[in-house]
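Beneath this line is the structure, given in structure tokens, with notes to follow.
The values are calculated or read from the model by the stated rules, or taken from the named source; none is laboratory data. Model, not experiment: these values are computed from the prediction. FYI the Cβ positions are ideal-geometry reconstructions off the backbone, even for glycines, and counts take in every protein chain you see. Calculation scope for accessible area: heavy atoms of the full protein, side chains included, ligands and nucleic acids excluded. Shrake-Rupley method; radii C 1.70, N 1.55, O 1.52, S 1.80 Å.
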Amino acid sequence: MAEGKYVTVHDGLKLHYHEAGGEHPETVILLHGGGPGASAWSNFGRNLSVFGKNYRTLAIDQPGFGRSGKPTEHPQYFRHSADAVVGLMDELGIERAHFVGNSLGGGTSVRLALNHPKRAGRLVLMGPGGLSVNLFAPDPTEGIKNLGRFSAPPGPSREKLEAFLRIMVHDQSLITDELIDERFAAASAPESLAAMKAMGKSFAQPETYEEGMLWREAHRLRQRVLLIWGREDRVNPLDGALLALKTIPRAQLHVFGGCGHWAQLEKFDEFNRLALDFLGAS
């Protein structure tokens with residue numbers, strides 16, 4: 001994983017990010033998903049340079065992931081991460097940015113747009129957490145079950161991580177030994193396990209969990225929103241898109257066949273064209 005840059009935001013939290021296209025006036029922020037060992041580079045390393053041709057593009061390790069700080073005491077995670085990203089924008093002098101968020105990063109993007117509406121431009125959301133409500137598919141889904149199994153007794157294992165990653169994608173060739181080893185090394189570190197536990201706790205606490213139910217507030221979004229879903233998504237299934245599509249005033253939905261939860265990788269060229277066309281459309 002390539003080393004990027006660091007910035008310190010509120011409460012001394014250090015965020016790690018990669019940047020491309022610094023010469024452009026408009027900014028796009030890429031926010032990764034929340035699986036074990038996830039990072040900005042693992043989710044968006046290949047996409048970064050493509051977006052950087054048109055925008056100042058930042059791929060940020062959200063709190064608790066990658067090389068960013070891993071606090072274990074924090075508010076509901078979407079708010080925690082959204083506020084941290086706004087802090088990064090303040091430090092870097094970015095008044096407003098478009099957001100591209102995968103899964104957990106989609107949830108963070110939505111919470112940021114709701115709580116800080118003037119800071120968020122257009123939103124590209126791929127299988128976003130918190131916004132997805134399964135109308136027909138069972139809860140918890142296969143992907144969520146495997147996410148929980150990773151750190152369950154007797155503890156993390158490479159085999160459990162591989163099982164989780166293979167549910168992420170329709171194209172199994174993307175799950176290489178190198179990827180599994182890299183993600184397992186990151187995910188099994190004690191500080192990463194503690195951060196993952198704290199994140200999960202923030203979604204279950206009675207006093208905070210409702211902040212994670214973004215679908216209840218989706219009608220308040222005034223940004224243009226592109227929902228992107230993989231037809232074969234086994235983490236946040238396709239039927240989860242319907243309520244968001246119905247309630248977000250300026251939403252559109254694109255579905256990729258032969259695609260799981262990582263549209264930005266499985267449909268790399270098509271995803272890049274689709275997202276960039278949407279961000280640049282008049």
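Listed by chain and number, the lysines placed with their C-alpha closer than 20 angstrom to that of LYS201 are LYS70, LYS145; residues fewer than eight positions away on the same chain are left out.
Kirkwood radius and radius of gyration were both taken over the C-alpha atoms of the stretch 177-250, and their ratio Rg/Rh is 1.09.
Among the listed pairs LYS118/LYS246; LYS14/LYS118; LYS53/LYS197; LYS5/LYS246; LYS53/LYS160, give every one whose C-alpha distance is greater than 28 Å. In this structure, LYS53/LYS197; LYS5/LYS246; LYS53/LYS160 lie more than 28 Å apart at Cα.
What's the magnitude of the charge dipole for the stretch 152-207 around its Cα centre, counting Lys and Arg as +1 and Asp and Glu as -1 at the beta-carbon? Answer in Debye, nearest 20.
Working: 6 positive and 9 negative charges, 58 e Å.
The dipole of the stretch 152-207 has a size of about 280 debye.
On full extension, the segment bounded by LYS197 and LEU242 gains 13.2 nm, given 0.36 nm per residue less the C-alpha separation.
Take the Cα pairs of the stretch 27-120, get the Kirkwood Rh, then feed it into Stokes-Einstein at 10 °C and 1.306 mPa s and tell me D in µm²/s.
Estimated via Stokes-Einstein, D reaches 121 µm²/s.
Each residue of the stretch 17-29 was assigned a 3J(HN,Hα) from its phi angle through the Karplus expression (A = 6.51, B = -1.76, C = 1.60, θ = phi - 60°), giving 8, 10, 9, 9, x, x, 7, 8, x, 8, 10, 10, 10 Hz with x at Gly and Pro.
Along the axis of the charge dipole computed for the chain (Cβ charges of +1 for Lys and Arg, -1 for Asp and Glu, origin at the Cα centre), the listed residues LEU279, ALA163, MET89 are led at the positive end by LEU279. In the context of the full set of protein chains, the chain has a per residue accessible area of 42 Å² (1.4 Å probe). About its Cα centre, the dipole of the stretch 140-282 is roughly 580 debye, where the only charges are +1 on Lys and Arg Cβ and -1 on Asp and Glu Cβ.
Its alpha carbons give the stretch 224-273 an Rg and a Dmax of 10.8, 29 Å.
The fraction of accessible area contributed by carbon and sulfur in the stretch 193-282 is 53 percent, rounded to a whole number (1.4 Å probe; ligands and nucleic acids excluded).
When you work out D = kT/(6 pi eta Rh) for the chain at 10 °C and 1.306 mPa s, using the Kirkwood radius from C-alpha pairs as Rh and the Stokes-Einstein form, the result is 86 µm²/s. Out of every Cα-Cα pair that the stretch 8-80 contains, those further apart than 17 angstrom amount to 45 percent. Only Cα pairs under 8 Å and 6+ residues apart enter the sum, and on that basis the relative contact order of the stretch 164-282 stands at 29 percent.
Taking Rh as the Kirkwood radius computed over C-alpha pairs, what is the Stokes-Einstein D of the stretch 112-183 at 37 °C in a medium of viscosity 0.692 mPa s, expressed in µm² per second? Let's see the in-between values first.
On the way: Rh = 14.9 Å.
The calculation lands on 221 µm²/s.
Would you mind computing the Rg to Rh ratio of the stretch 71-154 from its alpha-carbon coordinates, Kirkwood style for Rh? Ratio of gyration radius to Kirkwood radius for the stretch 71-154: 1.05. Take every Cα pair under 8 Å whose residues are at least 6 apart in sequence, average their separation, divide by the length of the stretch 1-79, and the relative contact order is 34 percent.
When the dipole is taken about the Cα centre of the stretch 103-194, and only Lys, Arg (+1) and Asp, Glu (-1) are charged at their Cβ, what size is it in debye, to the nearest 20? Working shown, then result.
Numbers: 10 positive and 10 negative charges, 123 e Å.
In total the dipole reaches around 600 debye.
Comparing mean-square fluctuations of ASP177, ASP239, ASP61 from a GNM of the chain with C-alpha springs under 10 Å, the top value falls on ASP177. Accessible surface of the stretch 52-150, 1.4 Å probe: 49 percent of it comes from carbon and sulfur atoms. Given their separation in residues at 0.36 nm each and the Cα-Cα distance between them, ARG46 and ASP269 gain 79.2 nm when the chain is fully extended.
Can you quote the Å³ per residue value for the convex hull of the Cα atoms in the stretch 126-282, rounded to an integer? Provide the component values of the computation, followed by the final result.
Details: hull volume 20.9 nm³, N = 157.
Convex hull volume per residue, Cα atoms: 133 Å³.
Largest to smallest in accessible area, the residues SER68, SER173 fall in the order SER173, SER68 (1.4 Å probe, all protein chains included). Accessible area per residue (1.4 Å probe, heavy atoms of protein chains only) ranks TYR17, TYR6 as TYR6, TYR17, with the largest value leading.
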